[in-house]
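Beneath this line is the structure, given in structure tokens, with notes to follow.
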Amino acid sequence: MDKRQWLGCCMAVTLAIGTAAAATTRYKPFVLGQKVSGADAMTKVVANTRAALTKNGFDVVGQYVPFRNTTIMCATYPEMLNAAGRARNGGFGAVERISITKVHGTWQVSYVDPDYLAVAYGLHPLPKTDAALKAALGATKLFGSRRGLTRDELKPGNYHYALFMPYFNNVYRVRRFPNHAAAVKMIHANLMRHVAGSSFVYEVNVPGTPKPTTVFGFGIKSGKGGDHHILRVIDAHRYRGYAYLPYEMMVVGRRVISLRPRYRIAVNFPDTSMMGSHGFMNIMSAPGAIRKVMREVAGRRG
């Protein structure tokens, strides 16, 4: 075997090892960043979190308080926006979500794992986003699933919670408008008016898409689809996955779409059982309630 053949064999072995490692890597939905003394006021923890994100290249596009002792912050990063614009329905992954919540006397600062998000939503890898989040907020541990999911289990077209449950690309078609501007104008106005108990969190234009694309983040204050109603049932864990919030609606051209609520809840809380006191059966009316809010915000009747 000559030198060139030997180098070729080494490269093939290295590639095979890397591919096998990627196939067996397990992903979890959330990252616990920092834990901060509960003696600090929420306003201080929120201000410090915002400053750290800004310092590390993020643009904080919105924040809100969905319920007591919890602030949700949303931010964009150039790598995330670029990846979102290149993937089918990638705008749903254009914005990073961060939660600041008090649990047993301590503030938990957590965020959606960009590696998990990239695989689940079919985005290109986000190593710069991941590094910037770790620099800004830390990375104490991954959580949200005991074993985690492999790439093949998580990626679009593969992940669904159970038989007959929706996949990533089975989007909910909320409404069609005459044009993009009309859709954006109505949704923005209705969120600002808190139609159907909604609350405006952010509005972000996604670059590089074939059609003009705008994604809205919004909360739901009350009812069966309300932020607190859902999370108090399915998230009673030591580390809270409140960075599940807020929800998104996306205007693509003149169409308004969203992820199916059943998919979105399940992909953020993949270990949740169907039955039991913290099971999905206790929020079985939530997906329909969320869809109803979206229809009303989009000005659709019925």
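Scanning segment 104-125 for residues that are outside any helix (DSSP H, G or I) and in contact with a strand residue (DSSP E or B) (Cβ under 9 Å, 6 or more places away or on another chain) yields a total of 9.
Which residues, taken from segment 190-204, are on the phi < 0 side of the Ramachandran plot and either out of contact with any helix residue (DSSP H, G or I) (no Cβ under 9 Å at 6 or more places or on another chain) or among the β-branched types (Val, Ile, Thr) (or both)? Spell out how you get there, then give the answer.
Going through segment 190-204, the residues on the phi < 0 side of the Ramachandran plot turn out to be 190-193, 195, 198-204.
Matches in segment 190-204: Met192, Arg193, Val195, Val201, Tyr202, Val204.
Val36 falls short of the stated requirement of being within 15 Å of the chain's Cα centre (by Cα) and in contact (Cβ under 8 Å) with a residue 60 or more places away in the chain.
Give me the residue from segment 49-66 that is free of Cβ contacts under 8 Å to residues at least 40 places away in the same chain and surrounded by 17 or more Cβ atoms within 10 Å (Cβ to Cβ) and, out of that set, farthest from Thr129 (Cα to Cα). Working first, answer last.
Going through segment 49-66, the residues free of Cβ contacts under 8 Å to residues at least 40 places away in the same chain turn out to be 50-51, 54, 59-60, 65.
Remaining after also requiring surrounded by 17 or more Cβ atoms within 10 Å (Cβ to Cβ): 50, 60.
Values: Arg50: 16, Val60: 14 Å.
By that ranking, first place goes to Arg50.
Screening Arg301 with (1) closer than 19 Å to Leu191 by Cβ; (2) in contact with a Phe, Trp or Tyr (Cβ under 7 Å, 6 or more places away or on another chain) gives one miss only, at (2). When residues in segment 232-266 are screened for being farther than 28 Å from Pro178 by Cα, of a type in the set (A, V, I, L, M, F, W, C) and within 14 Å of the chain's Cα centre (by Cα), 4 of them pass.
Applying the criterion of at least 1 residues that are at pLDDT below 95 and hydrophobic (A, V, I, L, M, F, W, C) to the helices (runs of 4 or more DSSP H) found wholly in segment 130-239 leaves 227-234.
With the requirement that a residue be of a type in the set (Asp, Glu) and assigned to a helix (DSSP H, G or I), what does segment 251-302 give you?
Kept after step one, since they are of a type in the set (Asp, Glu), are these residues of segment 251-302: 271, 296.
Once the filter is applied, which keeps residues that are of a type in the set (Asp, Glu) and assigned to a helix (DSSP H, G or I), segment 251-302 yields only Glu296.
Looking for something among the β-branched types (Val, Ile, Thr) and buried (at least 17 other Cβ atoms within 10 Å of the Cβ) - is there at least one such residue anywhere in segment 140-161?
The first filter runs over segment 140-161 and keeps only residues among the β-branched types (Val, Ile, Thr), leaving 140, 150.
Then drop every residue that is not buried (at least 17 other Cβ atoms within 10 Å of the Cβ), which leaves none.
Scanning segment 140-161 turns up no residue that is among the β-branched types (Val, Ile, Thr) and buried (at least 17 other Cβ atoms within 10 Å of the Cβ).
The values are calculated or read from the model by the stated rules, or taken from the named source; none is laboratory data. Quick caveat: nothing in here was measured; it's all calculated off a predicted structure. Heads up, the Cβs are rebuilt from the backbone with ideal geometry, glycines too, and the neighbour counts pull from every protein chain shown.
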